[in-house]
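Since the structure comes first, as structure tokens, the remarks are kept for the end.
The values are calculated or read from the model by the stated rules, or taken from the named source; none is laboratory data. Just so you know, these numbers come straight off a predicted model, no measurement behind them. Cβ placement follows ideal geometry from the backbone for every residue including glycine, while neighbour counts extend to all protein chains displayed.
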Ligand code: NAP
């Protein structure tokens, strides 16, 4: 089996940044880009226009941005393997990275497998229906789009993300409703107060969205009160899922330390995991910022992980 200096698992902004730095440091990195489990490139592949990534004053489409990352990583000599990593074997060093088709030995592993925003299976919100046509799972990414301006917007969830996204959306929508299945927010006290005191936010307690409808874009939502059973059809310009994220880290259970929510534990201020020579970056280890630009930033790793030294700078 071929032995590599660095194997990077994942091909979002963190993975590609790690590849660019490692390749420029002449480490000849190899990247498992993902393939069978979904498109390589991570969450940006399902995002439309990215307006908040520095360097693109006119905005850039998510897949186009990923394509630029990819070209940059290839330019410095990254080897790409279109395969999903299903397991890593850390019992002997060099370690083994096991994909569905390929296997490589690796002196160092960089995990950049990202996370995905959870969605609910509500009729009208699925792929091929109104998903990405007014239904999204990232208000910060999509909320400023013209289709949401001065419209009534609906955020599903009751956690910090729901409140944060609703607050962000008040800049664009005429009114923002948080649709929460219970009568109490899960969000922290400060976030709860923020939601309750914002005149543009109204919380629909004990409520769920039963159906989303529209002709090529979101036009109505059917809201059901789970206590009274009462249903109400309302006009809507957008529906935003804020029901949590899940990191793609199942394959790491028992190999490196994870938080209870599945995110990878790293030593503070570094990308080092609990296993020597295994590093983690991007959304797989970051459950706070979760932006393309912050993922890219951790892909560099802060220069503390002894992989690159100054050569990567
Ligand atoms: P979260 O805290 O897990 O909240 C998810 C919300 O979605 C919950 O209110 C949950 O309802 C709801 N939900 C889950 N499944 C549902 C379903 N099937 N139907 C309807 N509702 C459903 O996730 P999060 O808000 O993304 O936060 C994740 C972590 O990031 C937290 O630790 C949070 O503190 C942190 N965070 C912090 C900030 C900040 O401080 N600025 C911002 C964002 C996130 P229930 O409450 O009924 O379970």
Number of positions in segment 185-205 that are more than 24 Å from residue 151 (Cβ to Cβ) and within 12 Å of the ligand (Cβ to nearest atom): 5
Residue that is nearest to the ligand (Cβ to nearest atom) [pool: residues in segment 115-145 that are in a strand (DSSP E or B) and in contact (Cβ under 8 Å) with a residue 40 or more places away in the chain]: 117
Test result for residue 60, without any contact (Cβ under 8 Å) to a residue 60 or more places away in the chain, more than 29 Å from residue 106 (Cβ to Cβ), in contact with a helix residue (DSSP H, G or I) (Cβ under 9 Å, 6 or more places away or on another chain) and surrounded by 17 or more Cβ atoms within 10 Å (Cβ to Cβ): yes
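Here is a list: 165, 210. Which entry is in contact with a strand residue (DSSP E or B) (Cβ under 6 Å, 6 or more places away or on another chain), closer than 13 Å to residue 243 by Cβ, within 14 Å of the ligand (Cβ to nearest atom) and not in a loop (DSSP other than H, G, I, E, B)?
165
Go through the residues of segment 146-162 one by one and say whether even a single one is within 8 Å of the ligand (Cβ to nearest atom), part of a strand (DSSP E or B) and within 23 Å of the chain's Cα centre (by Cα).
Checking segment 146-162: at least one residue is within 8 Å of the ligand (Cβ to nearest atom), part of a strand (DSSP E or B) and within 23 Å of the chain's Cα centre (by Cα).
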Some residue of segment 218-240 being within 15 Å of the ligand (Cβ to nearest atom), modelled with pLDDT under 95, outside any helix (DSSP H, G or I) and not assigned by TED's automatic domain parsing to the domain that holds residue 52: no
Residue that is modelled with the lowest pLDDT, among those in segment 24-61 that are outside any loop (DSSP other than H, G, I, E, B) and farther than 18 Å from residue 297 by Cβ: 46
Sole exception among (1) more than 20 Å from residue 62 (Cα to Cα); (2) buried (at least 24 other Cβ atoms within 10 Å of the Cβ); (3) in contact with a helix residue (DSSP H, G or I) (Cβ under 7 Å, 6 or more places away or on another chain) for residue 139, by number: (1)
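Listed here are the residues, each with its yes/no results for (1) exposed (fewer than 15 other Cβ atoms within 10 Å of the Cβ); (2) closer than 30 Å to residue 161 by Cα; (3) touching a helix residue (DSSP H, G or I) at 6+ places or on another chain (Cβ under 9 Å).
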| residue | (1), (2), (3) |
| --- | --- |
| 89 | yes, no, no |
| 104 | no, no, no |
| 114 | no, yes, yes |
| 133 | no, yes, yes |
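Please tell me if residue 182 is within 10 Å of the ligand (Cβ to nearest atom), at pLDDT below 95, not in a strand (DSSP E or B) and not assigned by TED's automatic domain parsing to the domain that holds residue 299. Before the answer, list the steps.
On the way: within 10 Å of the ligand (Cβ to nearest atom): yes; at pLDDT below 95: no; not in a strand (DSSP E or B): yes; not assigned by TED's automatic domain parsing to the domain that holds residue 299: yes.
Criteria not met by residue 182.
For the subset of segment 245-278 comprising residues that are under 30 Å from residue 124 (Cβ atoms) and surrounded by fewer than 16 Cβ atoms within 10 Å (Cβ to Cβ), which member is farthest from the ligand (Cβ to nearest atom)?
It comes out as 250.
Mind checking which residues of segment 243-269 are assigned to a loop (DSSP other than H, G, I, E, B), closer than 30 Å to residue 175 by Cβ and at pLDDT below 95? Before you say what the answer is, go through the steps one by one.
Narrowing segment 243-269 to residues assigned to a loop (DSSP other than H, G, I, E, B): 243-244, 248-249, 253-257, 259-263, 265-269.
With the extra rule that they be closer than 30 Å to residue 175 by Cβ, the set shrinks to 243-244.
Residue satisfying the conditions is 244 alone.
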Residues of segment 81-112 that turn out to be touching a residue at least 60 places away in the same chain (Cβ under 8 Å) and assigned to a strand (DSSP E or B), as a count: 17
Residue satisfying condition, being more than 30 Å from residue 91 (Cβ to Cβ) and touching a residue at least 24 places away in the same chain (Cβ under 8 Å), within set 295, 275, 284, 242: 242
